[in-house]
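Worksheet for the structure shown next.
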Amino acid sequence: MSFRWPNKDPDELLDYSVDWSRYLGTAIISSVTWFVQSKTYDTKTQIDAGETFATASSGATTDTIQNVSQTNTNTVATINIDGGTHNEEYTFSCQITDNTGSRSERTIKLRVKER
């Protein structure tokens, strides 16, 4: 199952977060790794025209979308995202490890649309 963030304009620089508090219980986040997979669609047929996958480390750009920075608290992981291509959908994965050694991942979709 994947979640969805609100659409982003290519010119916006915004924070997007994943709240892990319900999953963690009394544990806390020890580390966070972000991944991004992009999909390009043919706007007429709405058919997937290709994809890429990469670790989205701070400062990294993947297929025109950039992880400017990332932060986390004990329960929330946040990524600051810039850029993107109009009519492209990006799939972000947020993988955490908690202080008990458990690891989990959430997948979130982000659509880039001109406003």
Practice item. Give me Tyr23, Tyr90 ranked fewest to most by other Cβ atoms within 10 Å of their Cβ, as a rough exposure proxy. Key: Tyr23, Tyr90
Point to revise | Per-peptide average of other Cβ atoms within 10 Å, ordering 76-87, 2-13 highest first | key: 76-87, 2-13
Practice item. Using only the Cα atoms of region 60-107, build the gyration tensor, take square roots of its eigenvalues as a ≥ b ≥ c, and label the shape rounded, prolate or oblate: rounded if a/c is under 1.5, else prolate if a/b is larger than b/c, else oblate. Key: prolate
Review point. Among residues other than Asp15 whose Cβ falls under 12 Å from its Cβ, what is the net charge (Lys/Arg +1, Asp/Glu -1)?
Key: -1
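Just so you know, all these numbers are worked out from the coordinates, no wet-lab data involved. Given the structure is predicted, the values throughout are model-derived calculations rather than measurements. Positions of Cβ are generated from backbone atoms using ideal geometry, with glycine treated the same way; all protein chains shown enter the neighbour counts.
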